[in-house]
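Visitor: Take this structure first; my questions come after.
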Amino acid sequence: QRSIFLFLTLLGIANFAGAKALGEPASTIAELSQTAERGDRKAQLILGMRYRDGNGVKQNHKTALKWYRKCADQGDAEGLDNLGFMYLMGWGVPSNFDVAAGFFKASASQNHPQGQFNLGNCYFSGQGVEQSYDLAIAFWQLAAEQGNKDATWRLATLHASGESVVADRQKAMRLCQEIAQQGHVNGALLLGELLSSQSSETDRRKWWEFAAQNGSKQAKVLLELEKWRRQNPDAQG
C-alpha cells in the first residue's frame with residue numbers, strides 16, 4: 001500500500017540529529033574565544049556550533065571538534081552529545097560509531113534529551129551498539145517526554161506502521177498533531193498521510209503544503225501525485 005511505502009521512507013529520514021544553534025548574544029568570535037578559553041562551557045558550545053555550521057566564521061570541523069571536546073571534557077551533556085555527533089558523521093575526525101555511541105550514552109546518562117534521541121537511533125540501527133528495538137524505543141520515549149520532537153516523530157512513525165510496536169494509527173495521529181502544530185516538518189508530512197484515510201483532501205493537503213513550504217521533498221512529491229490523481233481519476237495505487 002502507498003502508506004506503507006511512505007512509512008518506510010519516513011523511517012530513513014533524519015536518522016540522527018545534530019543540536020540546533022543555541023540562542024546567543026551577538027558576540028564576536030574573538031569574544032567567544034576569550035570566554036571559552038576561560039572554561040565557559042556555553043561559549044565552547046556556541047563556538048563549536050559556529051565552526052560546525054560556518055555561522056559567522058569559515059566552516060572548520062576540526063576547530064568545532066576542539067571546542068566540543070573541551071566542553072565534553074567538563075562533563076557537559078550537550079557537549080558530549082555534539083562530540084558524539086561529530087564522530088558519527090566523521091566531521092573533523094574519522095567516523096567511529098563505537099565512539100559516537102559512547103558519547104551519546106554519556107550524554108543520555110545525564111537525562112539529556114538529544115543524547116537520548118541519538119542513542120535511541122544507535123540502538124535502532126545497530127550502530128556502535130548491539131541492535132535493540134526495545135532500547136531504541138525506550139530512549140526515544142525518554143527524549144519525547146522531555147519535548148524532543150524528533151523522538152516523538154520516530155515513535156509516531158513506528159505506531160503508524162506497526163514496526164516493532166502494536167500498530168495504533170490514532171496514537172500516531174495524536175503524536176503527529178502535537179509536533180506538527182509546533183512546526184515539525186516530518187510530523188506534518190506523516191500527519192497528512194494519516195489523515196488521508198479518514199479526512200478530507202483539504203486537511204491532508206494543508207499539512208503536506210506546510211511540509212513542502214519548509215523544504216520537504218517528500219511532501220512536494222506527494223502533492224504532485226495528488227494533482228496527477230485528480231487529473232487521472234481512474235489511476236490506481
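The values are calculated or read from the model by the stated rules, or taken from the named source; none is laboratory data. Note that this is a predicted model, so its numbers are computed, not measured. No Cβ is skipped: glycine too gets one built from the backbone with ideal geometry, and neighbour counts run over all protein chains shown. Quick note on the areas: whole protein, heavy atoms, side chains included, nothing else; ligands and nucleic acids left out. Shrake-Rupley method; radii C 1.70, N 1.55, O 1.52, S 1.80 Å.
Visitor: Rolling a 1.4 Å sphere over the protein heavy atoms, what is the accessible area per residue of the stretch 30-157, to the nearest Å²? Can you show the working numbers first?
Guide: Details: 5460 Å² over 128 residues.
It amounts to 43 Å² per residue over the stretch 30-157.
Visitor: Still on this structure: Between Asn214 and Thr202, what is the label-point separation in nm under the 7 Å Cα-to-beta-carbon projection?
Guide: Rounded to a tenth, the inter-label distance reads 2.2 nm.
Visitor: Let me ask something additional. At a 1.4 Å probe radius, carbon and sulfur cover how many percent of the accessible area of the stretch 71-177?
Guide: On the way: 2070 of 4260 Å².
Reported share for carbon and sulfur atoms: 48 percent.
Visitor: Give the separation of the Cα centroids, the stretch 66-82 to the stretch 137-175, in Å.
Guide: So the separation of the two Cα centres works out to 29 Å.
Visitor: Show me the trypsin sites (Lys or Arg not before Pro) within the stretch 56-96 that DSSP assigns to loop and that have at most 10 other Cβ atoms within 10 Å of their Cβ.
Guide: Working: sites: Lys58, Lys62, Lys66, Arg69, Lys70; in loops: Lys58.
Taking the stretch 56-96 and a limit of 10 other Cβ atoms within 10 Å, the loop trypsin sites (Lys or Arg not before Pro) found are Lys58.
Visitor: Using a Cα-Cα cut-off of under 27 Å, which lysines could be cross-linked to Lys105, ignoring same-chain neighbours fewer than 8 residues away?
Guide: Lys20, Lys42, Lys62, Lys66, Lys70, Lys149
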